[in-house]
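The values are calculated or read from the model by the stated rules, or taken from the named source; none is laboratory data. Treat the numbers as computed from the prediction; the structure is a model and nothing was measured. Because the Cβ atoms are built from the backbone with ideal geometry, glycine has one as well, and the counts that use them run over all protein chains shown. When the accessible area is computed, the model is the full protein with side chains, heavy atoms only, and any ligands, DNA or RNA have been set aside. Shrake-Rupley method; radii C 1.70, N 1.55, O 1.52, S 1.80 Å.
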Amino acid sequence: MTAETPDSNRPTMPNGRRPADGAEIGALIGAGFGLLFLIINTGQFSTLGRTLVITVGVLAFAGIAIFAIRGLMRSRHTGRDGSGAFTDDDGGDNDSVSARVGGGRLGESGKRDRREPPFGRAYWIIVLIELVLLFAGTRLLASLGHSELGVAWVAVVVGTHFYALGRVFGLDRFHVLATVVTLCGIGGFIAFFAAAPAFIPVISGVISGFVLLAFAMWALIPAER
């Protein structure tokens, strides 16, 4: 679930589409958090209900992990056998290599455009801010005697941080994910004020978990560049 900027060393599908850069790692992270949401927020479910939810989550995570790992292995193999675009490590030009091998583009100087890695400084700054907000918010709610709202707050923070990631990565689908998860978090607060606290873990936790798993799957779908 990361940037859509093309990487010439990534394998290209027959139709010219390829997964977003860092999609495999992003999908694993998103799926992991989605499964964690399901495990943590199904404690009040019946044994059968909790087992069914977690089983579905585990199966979804396993499928995502298989495709993500296969994608990572394929990308590394592409880099080894030279089927992707080439540039000299010392910055030299490779005029004999097509400027569009693997979908990569070379500038006027013949060098492939360099860019920041998918998980660069901006990504980690956003993650740090997210962690601070998560810790401070949940501690504040607990001190006010409303620890049940912790999951709703987590969903709001996790959801809104995808707006920032969407801009950093240039990935529009992150804005959709951000909106859905944020609404799940807000839904938890609405359930609290509607005197229906039992629905908080369902709306803000379980639904958010399945949404994260679904978008982790979507991240692995090749996207138009």
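How much of Phe169 can a 1.4 Å solvent probe reach, expressed as accessible area in Å² and rounded to 10?
Phe169 has an accessible surface of roughly 10 Å² with all protein chains in place.
Rounded to the nearest 10 Å², what accessible area does Glu148 have for a 1.4 Å probe in the complete protein model?
70 Å²
For labels at Thr51 and Glu148 in the simple 7 Å Cα→Cβ model, what's the distance in nm?
2.8 nm
Rounded to the nearest 10 Å², what accessible area does Phe135 show when all protein chains are kept and the probe is 1.4 Å?
Result for Phe135: roughly 130 Å² accessible.
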